[in-house]
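First comes the structure, then the notes that go with it.
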Amino acid sequence: MERRPLSVRDFVVVERPTLAVFGAKSDDELPGLSDVRNMVEIEFATGEEELAHVLEHARILLGWDFRAGALERVWSHAGRLEWVHWAGAGVDAVLFPGLRDSNVILTNARGIFDWAIAEYVLGLVLCLAKGFPRTVLSQREKRWDFRHAESIRGKTALLVGAGNIGSAIGQLLRTAGMQVIGVARGARDDDPVFGEVHALAALDSLLESVDYVVNVTPSTPATRGLFSAQRLRLLKPDARFINVGRGDAVDENALAAVLSTGRIAGAALDVFADEPLPDSSPLWELDNLIISPHMSGDVKGADAALIAQFADNLGRFLRGEPLENVVDKRKGY
């Protein structure tokens, strides 16, 4: 057989793509990241100047910590970027117009936090029903503060946001004896947890009769200001409100007003419009409100799970396969 002359097409030069990691200084901070060093060149950035530098040649960006506007301000440097993976469930911190309108793929950490947040919500429901904050305060004051607590069995919880996280919360609350109702962007009648899921348009009619409202929505134009003063006043006097979604879904001043006047029985907030919550916020002064620092999904071992999820997607990216957890940048989730 006559051998044809070799050409440049017969040679493949394999270049390891650069992975930029924003929000960490080294592998030591991200358990398991060192395992992908044989596949990519890793460069770390903790400030905007460093991020701008590494974005000049990075094809992949792992967002471990995007402070307000950081990526947007250096976006002009992202000439080679093809994929951004955000190590969180909500992606509102990175959905600025430049990224949204680009061809850069955005993925998130959907699935990692579901059960942790569900456990946290169950804990908050129990805290509110059993009056645990008052019990702890009485203990500190050495006060024998006997009273009757409430049972959650048979109570109704309305989950606003019936995706993965909302479904996990609904499943756990139902196991604890509660009835659960789901609300989502669109209605459906075959949901394995809720059965019938109501459309967001039905929210007002549902708020009037439930015992607990749990907001799990992402930050989108449709959910910002969702719980207005008017909607909060629809709740029963003995109802409780819990937010583990996004802070901008709630009119915090209106919530403070209905709590301070006893218009509703209590609330628990893990997310806020401004984080950390400013000292000047009236929410700090309320004794029927539980405040936590955006930690409902953060459990020991979560960092390793996040990196393992990213590493799996990285393998898909390098093999030219479809990525998991691709975000619809127009919808915001």
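The values are calculated or read from the model by the stated rules, or taken from the named source; none is laboratory data. Predicted model, so just to flag it, every value in this text is computed and none were measured. Neighbour counts are summed over all protein chains in view; Cβ atoms, including those assigned to glycine, are modelled from backbone coordinates with ideal geometry.
The numbered conditions (1) touching a Gly at 6+ places or on another chain (Cβ under 8 Å); (2) in a loop (DSSP other than H, G, I, E, B); (3) not acidic (Asp, Glu) are all true for residue 120 except (2). Of all residues in the range 80-95, exactly one satisfies the criterion of being at pLDDT 95 or above and farther than 22 Å from residue 30 by Cβ, namely 80.
Scanning the range 248-287 for residues that are acidic (Asp, Glu), over 24 Å from the mean Cα position of the chain (by Cα) and not in a loop (DSSP other than H, G, I, E, B) returns a single hit, 285.
The number of residues in the range 219-233 that are in a loop (DSSP other than H, G, I, E, B), buried (at least 19 other Cβ atoms within 10 Å of the Cβ) and touching a helix residue (DSSP H, G or I) at 6+ places or on another chain (Cβ under 9 Å) comes to 3. The condition (being within 30 Å of residue 170 (Cα to Cα), touching a residue at least 24 places away in the same chain (Cβ under 8 Å) and either surrounded by fewer than 22 Cβ atoms within 10 Å (Cβ to Cβ) or of a type outside the set (Ser, Thr, Tyr) (or both)) is satisfied by just one residue among 78, 116, 70: 116. Residues in the range 250-282 that are surrounded by 18 or more Cβ atoms within 10 Å (Cβ to Cβ) and either of a type in the set (Ser, Thr, Tyr) or farther than 18 Å from residue 226 by Cβ (or both): 265, 266, 277.
Looking at 109, 157, which one is within 30 Å of residue 267 (Cα to Cα), among the small types (Gly, Ala, Ser) and touching a strand residue (DSSP E or B) at 6+ places or on another chain (Cβ under 6 Å)? The conditions single out 157. Here residue 149 qualifies as within 20 Å of residue 287 (Cα to Cα) and either small (Gly, Ala, Ser) or outside the structural domain of residue 234 (by TED's automatic domain parsing) (or both).
Would you check which residues across the range 173-198 are part of a loop (DSSP other than H, G, I, E, B), without any contact (Cβ under 8 Å) to a residue 40 or more places away in the chain and surrounded by fewer than 17 Cβ atoms within 10 Å (Cβ to Cβ) and list them? The answer is 177, 186, 187, 192. The sole residue among 170, 245 that is touching a Leu at 6+ places or on another chain (Cβ under 8 Å), under 29 Å from residue 94 (Cα atoms), buried (at least 23 other Cβ atoms within 10 Å of the Cβ) and touching a residue at least 24 places away in the same chain (Cβ under 8 Å) is 170.
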